[in-house]
Amino acid sequence: CKGGSKTLATNIFIDSSYTLSWSPNLYLNNNTILHPTSSPDSSITYLLNAEKNNCVFYFQERVIINTDSIWLASDTAVCPGDTLHLNVQHISNIPLQYSWKPFSLIVQNGNTNTPTITTNQDTTFTVAGTNYFGCVYHDTIRIHALLENVLKADFNIPPSNCAPFNMS
């Protein structure tokens with residue numbers, strides 16, 4: 001996952017008499033040990049050169065960075081009590097498992113990428129999408145609950161036996 005790390009050559013075991021060198025020497029905590037940790041920003045291929053008594057062995061390992069992301073539509077508004085269908089998009093074809101907060105305001109399709117929500121107050125919904133590598137992607141959407149239209153009069157209506165007021 002982007003921002004994560006991986007230990008290299010976990011399936012290789014050689015004795016300590018070999019001289020080791022990983023290349024390229026990028027994003028490694030140590031390029032002269034058998035199992036260095038790599039923390040790359042993007043996918044990268046490493047080559048291990050293990051040498052002993054003029055015999056050289058090579059091992060290659062690729063570290064692939066999952067670069068998926070998820071996004072929701074822009075913030076929006078609803079009338080109190082109305083429902084709204086949300087839709088999470090993502091760029092990868094790797095399936096994601098979804099979780100939402102606050103879950104209590106989801107009325108249909110709970111942990112999917114297309115839930116139906118309702119709210120009577122301004123609410124920020126947060127979605128987390130997790131792939132089978134354990135990479136987690138987040139986004140939020142703010143839903144504004146519109147105030148109900150209420151007509152209020154700040155004057156008194158005259159009794160029906162009063163003469164109408166004329167303006168000239």
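The values are calculated or read from the model by the stated rules, or taken from the named source; none is laboratory data. Because the structure is a prediction, the values reported are computed rather than measured. So basically every Cβ, Gly included, is an ideal-geometry build from the backbone, and we count neighbours across all protein chains shown. Each accessible area value is taken on the protein alone, full model and side chains, heavy atoms only, with ligands, DNA and RNA left out. Shrake-Rupley method; radii C 1.70, N 1.55, O 1.52, S 1.80 Å.
A few remarks follow.
- Fully extended contour minus Cα-Cα distance, from HIS144 to SER74, at 0.36 nm per residue: 24.1 nm
- Per atom type, the chain shows carbon and sulfur on 52% of its accessible surface, probed at 1.4 Å.
- Between GLU51 and THR32, full extension at 0.36 nm per residue minus the direct alpha carbon distance yields a gain of 5.7 nm.
- With a cut-off of 20 Å on the backbone N, the residues of region 23-49 near the modelled label site 7 Å out from PHE133 along Cα-Cβ are 24, 26-29, 36-47.
- Across the chain, C-alpha contacts under 8 Å between residues 6 or more apart give a mean separation that, scaled by the residue count, equals a relative contact order of 18 percent.
- Förster radius 30 Å - calculated FRET efficiency between ASP41 and THR116, Cβ distance, rounded to 0.05: 0.20
- Over all other residues within a Cβ to Cβ distance under 12 Å of SER42, the charged ones net out to +1, with Lys and Arg as +1 and Asp and Glu as -1.
- Sites THR126 and LYS2, calculated FRET efficiency, Cβ-Cβ separation with R0 25 Å, nearest 0.05: 0.80
- The phi-based Karplus calculation (6.51 cos²θ - 1.76 cosθ + 1.60; θ = phi - 60°) puts the 3J(HN,Hα) values of region 77-89 at 10, 9, 6, x, x, 6, 9, 9, 8, 9, 9, 8, 10 Hz, whole numbers, x for Gly and Pro.
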